[in-house]
1. For region 43-68, what are the residues that are open to solvent by 100 Å² or more (accessible area, probe 1.4 Å) and not in a helix (DSSP H, G or I)?
2. Is at least one residue of region 29-48 at pLDDT below 75 and β-branched (Val, Ile, Thr)?
3. Which pairs turn up if I take residues in region 24-41 that are within 13 Å of Thr53 (Cα to Cα) and look for partners that are loosely packed, with under 13 Cβ neighbours inside 10 Å with beta carbon separation below 8 Å, at least 6 apart in sequence or on another chain?
Amino acid sequence: MYSIAENNKKLHRGDVGLGLAILLFFILAILLIGFIIDLIYRLRRKQYKIAWTNVPFLLLFLIPISYIHCQMGGCCDTFCEWFITLF
């Protein structure tokens, strides 16, 4: 009985961090898809100057998405090893 009461009092900070990482992953993935769609739309309309404004955002969104994917994906290739040691 005592261990059950003590276990209920503990905060599981790792669970909250994992939930935030998953939430961040999905939010950034949706934004990334939106910017890719906008980039394709601008390129088809031949609005190249406006399309170039999407590129920095795409690169910024790819960094945390790739990092979370490498942490959670269980990939063992050299890209993930290099990427994790870089950041």
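The values are calculated or read from the model by the stated rules, or taken from the named source; none is laboratory data. For clarity, every value in this text was computed on a predicted model and none was experimentally measured. Cβ sites come from the backbone with ideal geometry, for glycine too, and all protein chains shown count toward neighbours. Ligands, DNA and RNA are excluded from the accessible area calculation, which covers all protein heavy atoms including side chains. Shrake-Rupley method; radii C 1.70, N 1.55, O 1.52, S 1.80 Å.
1. Matches in region 43-68: Arg45, Lys46.
2. no
3. Within 8 Å, the pairs are Leu39/Val55.
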